[in-house]
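**Q** Could you have a look at this structure, given as C-alpha coordinates, before my questions?
The values are calculated or read from the model by the stated rules, or taken from the named source; none is laboratory data. The structure presented is a predicted model; accordingly, all values stated were derived computationally and were not measured. Don't worry about glycine lacking a Cβ; one is built from the backbone with ideal geometry, like all the others, and counts go over all protein chains shown. Side chains included, ligands, DNA and RNA excluded: accessible areas come from the protein's heavy atoms. Shrake-Rupley method; radii C 1.70, N 1.55, O 1.52, S 1.80 Å.
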Amino acid sequence: MKNKKNKIVEFLNYSGNKTIRVMTKKRQMHPRYKKFINKTFKYLVHFDSEISLNKGDKVLVKDCRPISKNKSLVFVRKYNKLEDKKWYKQKLC
(Lines give C-alpha, C1' and ligand atoms only; values in the text may rest on other atoms or scores of the structure.)
Protein backbone atom coordinates (compact mmCIF):
# COMPACT_ATOMS: atom_id res chain seq x y z
CA MET A 1 0.00 0.00 0.00
CA LYS A 2 1.40 3.38 -0.94
CA ASN A 3 1.83 6.17 1.59
CA LYS A 4 -0.65 9.03 1.60
CA LYS A 5 1.20 12.23 0.73
CA ASN A 6 0.33 15.78 1.67
CA LYS A 7 0.99 18.64 -0.75
CA ILE A 8 0.90 22.40 -0.34
CA VAL A 9 -0.59 23.88 -3.50
CA GLU A 10 -2.02 27.19 -4.73
CA PHE A 11 -5.79 27.64 -5.15
CA LEU A 12 -6.94 28.72 -8.62
CA ASN A 13 -10.75 28.60 -8.78
CA TYR A 14 -13.93 26.71 -8.02
CA SER A 15 -14.74 24.15 -10.67
CA GLY A 16 -18.23 22.75 -10.29
CA ASN A 17 -19.98 21.33 -7.25
CA LYS A 18 -17.60 20.15 -4.48
CA THR A 19 -14.55 20.60 -6.70
CA ILE A 20 -11.70 23.10 -6.77
CA ARG A 21 -8.77 23.50 -9.14
CA VAL A 22 -5.28 23.92 -7.69
CA MET A 23 -1.82 24.44 -9.16
CA THR A 24 1.70 23.48 -8.18
CA LYS A 25 4.94 24.75 -9.69
CA LYS A 26 8.18 22.94 -10.39
CA ARG A 27 11.54 24.30 -11.56
CA GLN A 28 13.91 21.92 -13.25
CA MET A 29 17.08 22.27 -15.25
CA HIS A 30 17.08 21.27 -18.89
CA PRO A 31 19.50 18.33 -19.24
CA ARG A 32 21.12 19.58 -22.42
CA TYR A 33 20.90 23.39 -22.36
CA LYS A 34 21.29 23.87 -18.58
CA LYS A 35 18.51 26.46 -18.43
CA PHE A 36 15.83 26.39 -15.77
CA ILE A 37 12.34 25.57 -17.00
CA ASN A 38 9.20 26.43 -15.02
CA LYS A 39 6.50 23.78 -15.19
CA THR A 40 3.02 24.07 -13.72
CA PHE A 41 0.68 21.19 -12.92
CA LYS A 42 -3.05 21.67 -12.38
CA TYR A 43 -5.13 19.22 -10.34
CA LEU A 44 -8.81 18.84 -9.48
CA VAL A 45 -9.44 18.43 -5.75
CA HIS A 46 -12.52 17.21 -3.88
CA PHE A 47 -13.73 20.13 -1.72
CA ASP A 48 -16.46 19.37 0.84
CA SER A 49 -16.17 22.38 3.13
CA GLU A 50 -17.80 25.74 3.88
CA ILE A 51 -14.48 27.65 3.91
CA SER A 52 -14.23 30.47 1.38
CA LEU A 53 -11.00 30.57 -0.63
CA ASN A 54 -9.49 33.35 -2.70
CA LYS A 55 -7.25 33.00 -5.73
CA GLY A 56 -3.63 32.48 -4.66
CA ASP A 57 -4.38 31.00 -1.21
CA LYS A 58 -2.14 28.15 -0.12
CA VAL A 59 -4.07 24.94 0.50
CA LEU A 60 -3.08 21.61 2.03
CA VAL A 61 -4.33 18.56 0.08
CA LYS A 62 -3.69 14.84 0.44
CA ASP A 63 -3.81 11.80 -1.82
CA CYS A 64 -6.79 9.48 -1.67
CA ARG A 65 -8.58 6.83 -3.70
CA PRO A 66 -9.86 8.02 -7.08
CA ILE A 67 -13.13 9.91 -6.58
CA SER A 68 -13.74 10.44 -10.29
CA LYS A 69 -11.83 10.26 -13.55
CA ASN A 70 -9.68 13.30 -12.74
CA LYS A 71 -10.01 13.69 -8.95
CA SER A 72 -7.70 11.77 -6.61
CA LEU A 73 -6.89 14.51 -4.08
CA VAL A 74 -8.90 15.72 -1.07
CA PHE A 75 -8.89 19.19 0.52
CA VAL A 76 -7.57 19.10 4.12
CA ARG A 77 -7.40 22.74 5.20
CA LYS A 78 -6.24 26.22 4.32
CA TYR A 79 -2.48 26.48 4.87
CA ASN A 80 -1.06 29.19 7.11
CA LYS A 81 2.69 29.10 7.75
CA LEU A 82 2.52 30.86 11.15
CA GLU A 83 -0.16 28.53 12.53
CA ASP A 84 1.82 25.49 11.42
CA LYS A 85 4.95 26.73 13.21
CA LYS A 86 2.99 27.25 16.45
CA TRP A 87 1.40 23.80 16.14
CA TYR A 88 4.78 22.18 15.49
CA LYS A 89 6.39 23.89 18.52
CA GLN A 90 3.54 22.78 20.78
CA LYS A 91 3.88 19.24 19.53
CA LEU A 92 7.62 19.15 20.36
CA CYS A 93 7.22 20.58 23.90
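**Q** Of 25, 5, which residue is under 22 Å from residue 81 (Cβ atoms), within 12 Å of the chain's Cα centre (by Cα) and surrounded by fewer than 10 Cβ atoms within 10 Å (Cβ to Cβ)? Spell out how you get there, then give the answer.
**A** Working: 25 fails: surrounded by fewer than 10 Cβ atoms within 10 Å (Cβ to Cβ).
Going through 25, 5 in turn, the sole match is 5.
**Q** Taking residue 68 as the residue in question, decide whether it is assigned to a loop (DSSP other than H, G, I, E, B) and within 23 Å of residue 81 (Cα to Cα).
**A** No: the conditions fail for residue 68.
**Q** I want to confirm something. Restricting to the stretch 8-22 and keeping residues that are closer than 22 Å to residue 81 by Cα and not acidic (Asp, Glu), which single residue is surrounded by the fewest Cβ atoms within 10 Å (Cβ to Cβ)? Let's see the steps before the verdict.
**A** Of the stretch 8-22, the ones closer than 22 Å to residue 81 by Cα are 8-13, 20-22.
Still in the running and not acidic (Asp, Glu): 8-9, 11-13, 20-22.
On the way: 8: 13, 9: 22, 11: 22, 12: 17, 13: 10, 20: 23, 21: 16, 22: 25.
Applying the filter and picking the extreme gives 13.
**Q** Of the residues that make up the stretch 28-49, is at least one at negative phi and at pLDDT below 90?
**A** yes
**Q** Could you list all residues from the stretch 28-49 that are within 17 Å of residue 61 (Cβ to Cβ), part of a loop (DSSP other than H, G, I, E, B) and open to solvent by less than 80 Å² (accessible area, probe 1.4 Å)?
**A** Within the stretch 28-49, 47, 49 meet the criteria.
**Q** Separate question: Could you run through the stretch 16-73 and say how many residues are of a type in the set (A, V, I, L, M), without any contact (Cβ under 8 Å) to a residue 60 or more places away in the chain, closer than 20 Å to residue 4 by Cα and in contact with a His (Cβ under 8 Å, 6 or more places away or on another chain)?
**A** Matching residues across the stretch 16-73 total 1.
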